[in-house]
Amino acid sequence: MKNILNIFAFLVLALVATSCLDDELTLDPKNSINVIEFKNPALFASPSGSTYSLYAAAFDFADEVDYPVTVSYSGANVAPQDIKIDLAINQAAITQYNEEQGAHFDLLPPDLYTIPTQVTILKGQRTAVVDLKIKSSKLPFDKSYVLPLQIVSASSGVISGNFETILINVIPKNPYDGVYTYTTSANTSLVPNATKTLTLVTLNGTTVKLLPGLLGTYSNEVTYTVDPETNQVTVTCPSLGVQTPQDTRSKWDPVNKVMTVFWKQGNGGRTFEEVFTYKGSR
């Protein structure tokens with residue numbers, strides 16, 4: 001009986017030792033396998049559990065905008081040799097995403113971007129950059145375009161099963177979108193003589209929305225629309241209303257990127273005099 005117990009104890013110790021060794025092999029980064037994948041190019045815009053990851057990327061209004069997309073040799077090790085990676089457009093991924101999420105994205109037309117079909121992660125490196133160029137000034141504001149990039153092959157290594165395809169939602173900004181220094185006059189109601197940093201966000205080709213809201217203080221929605229022919233600015237504020245006819249002094253200065261706005265509440269009870277001076281893109 002004693003011999004049986006000794007044998008049993010020996011077997012248990014052997015199993016524990018083997019298990020610990022397996023855990024050490026599993027947890028040791030040196031024993032992990034690197035994978036080739038896209039790094040996150042922007043903030044996630046897709047819900048948890050989505051087959052493909054969607055990223056929202058807003059582009060400044062310009063003839064062409066560079067947008068670097070990084071391919072990674074992810075893991076504990078650097079590339080043991082040059083790794084040539086072939087890229088392609090995976091249109092089927094958009095179809096699947098739309099079906100899964102009830103979305104309505106369209107494929108970005110090829111005349112609105114340029115992208116290489118191959119990139120190389122050099123020996124001893126962990127990443128390589130894909131030089132994506134977007135012709136943002138030609139992007140329509142009534143479309144929801146996605147560019148579905150896929151890693152289709154690699155000269156060596158393992159391609160990730162999770163991030164071999166990414167969806168980039170290409171969002172255009174109009175010329176008035178950006179971060180601004182915002183000031184109000186002494187005559188402005190509620191928040192006179194203010195100086196703060198605010199954001200104007202694209203709604204369509206000629207209209208921006210003020211964030212966080214009225215006077216940069218309240219949640220009331222305020223929008224500004226610029227007539228591209230005259231640079232005249234008109235204001236909407238659904239909660240307060242805007243007195244009409246609107247003040248013709250409200251203008252956009254395209255050279256200095258300054259918006260000067262004068263308006264009154266619908267019933268004339270409050271006056272607002274605002275100046276937005278462009279600081280940079282958001």
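Every number in this text was worked out from the coordinates using simple rules, so none of it is lab data. These figures come from a predicted structure and were not determined experimentally. Glycine also receives a Cβ, built like all others from the backbone with ideal geometry; neighbour counts cover every protein chain displayed.
Numerical summary
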quantity: Angle between the chain longest axis and helix 91-101 axis [Cα atoms, degrees, rounded to 10]; calculated: 80
quantity: Under Karplus coefficients 6.51, -1.76 and 1.60, residue-wise ³J(HN,Hα) of the range 55-64 in Hz, glycine/proline x; calculated: 10, 9, 10, 9, 10, 4, 6, 6, 4, 7
quantity: Distance violations [Cα-Cα > 32 Å] among LYS84/LYS279; LYS135/LYS209; LYS196/LYS264; calculated: LYS84/LYS279
quantity: Charge-dipole axis of the range 132-270 as Lys and Arg at +1 and Asp and Glu at -1 on Cβ define it, positive-most pick from VAL255, CYS237, THR223; calculated: VAL255
quantity: Lys, Arg +1 and Asp, Glu -1 on Cβ, resulting dipole of the range 36-172 about Cα centre, debye, nearest 20; calculated: 340
quantity: Net charge dipole size for the chain [Lys, Arg +1 and Asp, Glu -1 on Cβ; Debye, nearest 20]; calculated: 640
quantity: Rounded to whole Hz, the Karplus (6.51, -1.76, 1.60) HN-Hα couplings of the range 150-164, x for glycine and proline; calculated: 9, 8, 9, 6, 9, 5, 7, x, 10, 7, 4, x, 9, 10, 7
quantity: Pairwise centroid distance, computed over Cα atoms, of the range 245-273 with the range 177-227, Å; calculated: 11
quantity: Space enclosed by the convex hull of the alpha-carbon atoms of the range 36-172, per residue, Å³; calculated: 102
quantity: Degrees between helix 2-27 axis and first principal axis of the chain (Cα, 0 to 90, nearest 10); calculated: 40
quantity: Positive minus negative residues near ALA79 (Lys, Arg vs Asp, Glu; Cβ under 14 Å); calculated: +1
quantity: Residues with amide H under 5 Å from that of SER153, placed H, sequence gap 5 or more; calculated: ASP86
quantity: Student exercise, the range 178-280 dipole from Lys, Arg, Asp, Glu Cβ charges, in Debye to nearest 20; calculated: 200
quantity: Ranking of ASP247, ASP227 by count of other Cβ atoms within 10 Å, fewest first; calculated: ASP227, ASP247
quantity: Calculated P(r) tail over 16 Å for the range 189-250, as whole % of Cα pairs; calculated: 50
quantity: Mean residue ellipticity (222 nm) of the chain, computed from DSSP H runs ≥ 4 via -39,500 (n - 2.57), nearest 500; calculated: -4500 deg cm²/dmol
quantity: Extent along principal axes [Cα atoms of the chain; Å; largest to smallest]; calculated: 100, 50, 37
